[in-house]
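Participant: Have a look at this one before I ask anything.
Every number in this text was worked out from the coordinates using simple rules, so none of it is lab data. Values in this document were obtained by computation on a predicted structure and should not be read as measured data. Counting neighbours? That spans all protein chains shown, and the Cβs are built from the backbone with ideal geometry, glycine included.
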Amino acid sequence: MQSRNIKLIIIITSLSLIGIVFTQLFWVRNAINLKEEQFNHRVRIALKNVVSNLVTCQSSKFEDVVMPTAECGKSCQKKCEVNDGKFIDVIKPKVLDSLIIDEFKSLAIGTDYEYGIFQSKTKAFVMGNNSKYEEKILKSDHTISLSCLWKPDSYMLGIYFPDEKSMVIKQMIIWLIFSAFFLIIVVSTFSYTILSFIKQKKLSEIKTDFVNNMTHEFKTPISTISLASEMLMKPTVFESQEKLLKYANIIYDENNRLKNQVDQVLQIAVLDKGNFSMKQSNFDAHEIINNCIENITMVVKQRGGEVNLNLNASESTIYADVAHFTNIISNLLDNANKYSPDRPNILVSSESNSKELLISIEDKGIGISSEHQKDIFKQFYRVPTGNIHDVKGFGLGLFYVKTIVDAFGGNIKVKSELKKGTTFILTFPIIQKNNEV
């Protein structure tokens, strides 16, 4: 599948998921609004019932309520005749509390509320259960006129619910939790699928690149061996001992090169399983470094470069596998040479403290951008910038180095800047003079 089509699919599915999320949030919001409307409707009914019960003079339950005339108990449509006296003589606080509690309970309305009776014009309170919420009661949507009981349009009964929002949400809490839970699962699963898909695509590209590189690397020595073998088959070659030896050496060298390449590829399976063999012992790291420097110096000098040493570590004995440690240093020196386009300038230095040996290999080559530094130790990874694709290799060297360094109980990190060079810093536990790590 083409990269463009993949991006289009990801964009479409992402937009679809975002649409589903917003649609779900829209329906949740509508459900909450509907619950709020239902709650407000029940409160209005409850307040009307409270006022109606206050007006009803015949009820023996409310004998303490002093009604001005029998006309007030027949219909709230008629004006009350009581315009004088004290309001508290008409409506008893205890009776009002009892009526509100009964009505709210019968309509499944929460009992956490504050109420007050205030004058319509002056907003002055004449009765209530909490003066702290007077401002909230005045602004509340839950109010009803008491014109049937006292001086038409003079007094209002207001109710305020401090936890109105939470009361509504509590009624929907189970469905909200389920909705959020399944929404999180859908988003998480989708994100994981997309990330896995991108990762697999990237891995597929890396493996394709690896196969292409491997094919090219294998074809070169095979072609050279084939050509040298063809030359050896010519009768004229046997007449010259020098030519015979030359072509035989070419076949031998290219065969070794091919063998090393095959071993390098086969070694990846061993590294993946983590069961590679290690023959660890105490040895002087400086001695191995010097040997590796001797092997690379000739190649570097042929390119007009130089290798400098600055081994200042007072303690350089470590516990590791000599062969693997040699491969580590050789790999890093080889990279420093390969990725220096002009005259290589390589510096190998060391220092130590009471517990660790630090080895750094620095070059002045093309460098590595910060975005790729986190990936350079991954299997098959090759930095896709600059001239690095012109350099031969499988993208296995740094993966091998990282794996072995970790097996030694050490650490490796990289410092690099494009066009200024790269420094690899290795850290290994050192062996003290009493042979304790």
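Participant: Per residue of region 370-382, in order, report the coupling 6.51 cos²θ - 1.76 cosθ + 1.60 (Karplus, θ = phi - 60°) as ³J(HN,Hα) in whole Hz, putting x for Gly and Pro.
Facilitator: Those phi angles translate into 4, 5, 9, 5, 6, 9, 5, 8, 7, 5, 6, 6, 10 Hz.
Participant: Something else: Using modelled amide H (1.01 Å from N, peptide plane; none on Pro or chain starts), what sits under 5 Å from the amide H of LEU311, excluding residues fewer than 5 places away?
Facilitator: SER350
Participant: Quick one: 3J(HN,Hα) in Hz for region 176-190, Karplus 6.51/-1.76/1.60 with θ = phi - 60°, rounded, Gly and Pro as x.
Facilitator: Each residue of region 176-190 in turn: 5, 5, 4, 4, 5, 4, 5, 5, 5, 4, 5, 5, 5, 5, 4 Hz.
Participant: Just to verify a number: FRET efficiency for LEU195 and LYS413, C-beta to C-beta distance, R0 = 30 Å, to 0.05?
Facilitator: 0.70
Participant: Additional query: How far apart, in nm, are two points set 7 Å out from the Cα along the Cα-to-Cβ line at LYS219 and at THR297?
Facilitator: Each label point lies 7 Å from its Cα, and together they span 3.9 nm.
Participant: Provide the net charge surrounding LEU347, with neighbours chosen by a C-beta distance below 10 Å and charges set as Lys +1, Arg +1, Asp -1, Glu -1.
Facilitator: -2
Participant: Still on this structure: Relative to the present Cα-Cα distance, how much length would full extension add between ASP253 and ASP375 at 0.36 nm per residue of separation?
Facilitator: 40.6 nm
Participant: Let me ask something else about it. Using the Karplus curve 6.51 cos²θ - 1.76 cosθ + 1.60 with θ = phi - 60°, what ³J(HN,Hα) values do you get for each residue of region 287-299, in whole Hz, with x for Gly and Pro?
Facilitator: Karplus values, whole Hz, x for Gly and Pro: 5, 5, 4, 4, 5, 5, 5, 4, 6, 8, 4, 4, 5.
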